[in-house]
Amino acid sequence: MKKTSLLLLTGLLLSAAPAWAGPNKEYLQLLAEVRMLQEQNQQLQQLFGSLQDALKAMSTKLDDQASANRKAMADETLAINNIGDTVRVLREKADDTNVRISTVAQEIQALRQAIASQPAPQSVAQPQPTGGDPASAPMGLQPPPTAPQVPIGVSPQRMFDSAYDDFTSSRYETAIKGFELFIQTFPRLPQASAAQFNIGASYYNMGNHWNEARDAFLLVTTQYPQDADMNAQAYFKLGQTYEQMKQVDAAKKAYETVVQKYPASFQATQASNALQRLNRR
């Protein structure tokens with residue numbers, strides 16, 4: 001726009017020149033200023049073009065930098081995700097290792113019990129053959145019969161899990177035999193109290209086996225008094241068993257034992273509700 005105006009001004013000045021008697025200083029000075037303005041305008045145009053090129057270059061660099069930043073962010077996100085996956089895998093492996101260590105520890109405990117239960121070697125006298133009828137020769141001394149030995153290599157956890165699978169599948173008779181075998185084989189393991197409780201629960205769930213259920217729950221309280229959790233459950237189930245046997249006073253006593261001895265247990269709340277129900281009768 002400025003360039004067009006300068007050209008028009010120059011044209012006007014040139015067309016007006018013949019009207020004058022001759023060139024004067026003012027006309028020449030004005031013409032010189034017009035030329036100077038034209039040159040400055042060209043310089044400004046070049047500078048503006050240079051600025052546009054610089055802006056384009058800067059914009060390209062910014063776009064490249066933004067693209068590089070996005071790529072770096074994506075790479076970092078991928079790396080973090082990979083690290084998270086690796087940590088998760090390591091955690092799963094650690095959990096699996098802990099389970100294996102626990103199983104091995106139980107196997108070692110079983111082996112120790114098996115070794116401890118092995119009978120001491122006994123020397124059996126070998127009689128010397130004597131003359132006469134061979135059938136009349138005295139027989140060697142026989143070792144006294146021993147109790148069944150703990151089977152070497154048996155996994156306590158597998159034995160317990162097998163019996164518990166029968167219990168949860170309502171195969172109660174098979175579960176009772178499995179839990180009894182577990183207690184006989186591993187009487188000192190912590191799961192023995194749970195096995196004894198599950199024997200009582202199996203009899204209870206079978207129905208019409210209230211005496212057996214009662215005796216099994218009582219064994220939990222007498223044989224494993226140190227297991228507070230199992231005792232709380234056993235006393236509560238004992239109360240339910242007495243209710244099935246129509247022995248209300250014995251049931252109340254069992255429930256009261258849960259509330260008094262194990263007040264922080266979940267069974268204490270259940271026993272308290274059962275007492276309120278029985279007292280309303």
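The values are calculated or read from the model by the stated rules, or taken from the named source; none is laboratory data. This is a predicted model, so every value here is computed, not measured. Positions of Cβ are generated from backbone atoms using ideal geometry, with glycine treated the same way; all protein chains shown enter the neighbour counts. Quick note on the areas: whole protein, heavy atoms, side chains included, nothing else; ligands and nucleic acids left out. Shrake-Rupley method; radii C 1.70, N 1.55, O 1.52, S 1.80 Å.
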Requested in this report: Give segment 246-255 a look and list any residue that's hydrophobic (A, V, I, L, M, F, W, C) and either crowded, with 22+ Cβ neighbours inside 10 Å or under 43 Å from the mean Cα position of the chain (by Cα) (or both), or say none.
Outcome: A250, A251, A254
Report summary line: Going through (1) modelled with pLDDT under 95; (2) open to solvent by 20 Å² or more (accessible area, probe 1.4 Å) one by one, G207 fails only at (2)
Query raised in the report: What do you reckon, is A254 part of a loop (DSSP other than H, G, I, E, B) and of a type in the set (A, V, I, L, M, F, W, C)?
Result: no
Report task. Identify, by number, the condition in (1) within 34 Å of the chain's Cα centre (by Cα); (2) open to solvent by less than 20 Å² (accessible area, probe 1.4 Å) that L238 doesn't meet. Result -> (1)
Query raised in the report: Given the structure, is I115 at pLDDT 50 or above and assigned to a helix (DSSP H, G or I)?
Result: no
Report task. Consider L189 carefully, then state whether it is open to solvent by 40 Å² or more (accessible area, probe 1.4 Å) and under 24 Å from R158 (Cα atoms). Result -> no
